Amino acid sequence: MKIAPILRQLKVESERVSVLSQKTNDYRLKTIDYLLVHTGQHYDYEMSKVFFEDLELPEPDIYLEVGSGTHAEQTGKVMIEFEKVLFKEKPDLVIVVGDVNSTLACALVTSKIDYSKESGANIKVDAVNYKQLSVSNLTNSKNSINTMNARGYRPLIAHVEAGLRSFDRTMPEEINRLLTDQISDFLFTPSPDANENLKKEGIPEEKIFLVGNVMVDSLLFNIGIPNYRCLALTPFLCCIGSEICQPGNIR
């Protein structure tokens, strides 16, 4: 649900760049190639497939099929399988959304991976990648990142919905939020209070970007769809209130 508006905009931007490069004959402009990875943390119809259908999401390019388990089992399975994806695809950027176990697991793998460790790896350092990694490594003294990352041997990490806090560390989601934000290079926040939370935790302002709420984007997209096509609107509204159903809110 949270990735839907991001994928739609990636498609729009890629098409725009493609048209622009043809008009200007400037083929240095690059479209954005992306892969959608479904970890399988949520796997039944009502928690997965229905949203792909009603939010008009494409089928995942990669499905990890991790299934359920304890927090440790689920997080560990995602990390093992997602590392294989990174070594195979070698992306420049990994986008993680929200605060589930998959969010933290994928961010952790990305923060620690070193493409140069793979035998015969062909490493190409991108200038933008190097610049942002330098921000991460040099300006965040409270959370220094291994200096190998400054050489561009790992993807950058972007966290969508960064900075949200319940201030209740008994919630697994709160731990996922805190740790993911500490190791991300780009922190895309939904609200000004999220920005303030990150600053109080020592995150440099250069890494924080107020972009708005992707859940609202999904809601607005659904409102424009005729009811006979929009079976996901009711589950969507339930998901807006799903925080009520988290263990920390049930006494």
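The values are calculated or read from the model by the stated rules, or taken from the named source; none is laboratory data. Not measured: the values here are computed from a predicted model. No Cβ is skipped: glycine too gets one built from the backbone with ideal geometry, and neighbour counts run over all protein chains shown.
Leu178 meets the conditions (1) crowded, with 21+ Cβ neighbours inside 10 Å; (2) modelled with pLDDT of 95 or more; (3) within 14 Å of Val96 (Cα to Cα) in every case but one. The failed one is (1).
Remark: pairs (first residue in region 16-37, more than 29 Å from Ile62 (Cβ to Cβ); second residue modelled with pLDDT under 75 and part of a loop (DSSP other than H, G, I, E, B); Cβ separation under 9 Å; 6+ apart in sequence or on different chains) = Leu20/Asp26; Leu20/Leu29. Would you point out the residue of region 196-225, among those that are part of a loop (DSSP other than H, G, I, E, B) and of a type in the set (A, V, I, L, M, F, W, C), that is farthest from Leu179 (Cα to Cα)? Taking the candidates together, the pick is Ile225.
Tally the residues that are in contact with a Phe, Trp or Tyr (Cβ under 7 Å, 6 or more places away or on another chain) and closer than 12 Å to Glu161 by Cβ, restricting the search to region 190-208.
From region 190-208, those in contact with a Phe, Trp or Tyr (Cβ under 7 Å, 6 or more places away or on another chain) are 207; that's our starting set.
From the residues that got through so far, the ones that are closer than 12 Å to Glu161 by Cβ too are none.
Qualifying residue count, region 190-208: 0.
Among what's in region 95-126 and is among the hydroxyl-bearing types (Ser, Thr, Tyr) and farther than 14 Å from His38 by Cα, pick the residue that is modelled with the lowest pLDDT.
Just the residues of region 95-126 that are among the hydroxyl-bearing types (Ser, Thr, Tyr), to begin with: 102-103, 110-111, 115-116, 119.
Next, from what is left, pick out any that are farther than 14 Å from His38 by Cα: 110-111, 115-116, 119.
Details: Thr110: 94, Ser111: 93, Tyr115: 82, Ser116: 77, Ser119: 47.
Ranking the candidates gives Ser119 first.
Pairs are defined by a Cβ separation below 7 Å, a sequence spacing of at least 6 or placement on different chains, a first member in region 60-80 that is over 12 Å from Ser102 (Cβ atoms), and a second member that is crowded, with 20+ Cβ neighbours inside 10 Å and among the aromatic types (Phe, Trp, Tyr); no pair meets this definition. Residues in region 26-41 that are at pLDDT below 80 and either more than 13 Å from Phe82 (Cα to Cα) or surrounded by fewer than 13 Cβ atoms within 10 Å (Cβ to Cβ) (or both): Asp26, Tyr27, Arg28, Leu29, Lys30, Thr31, Ile32.
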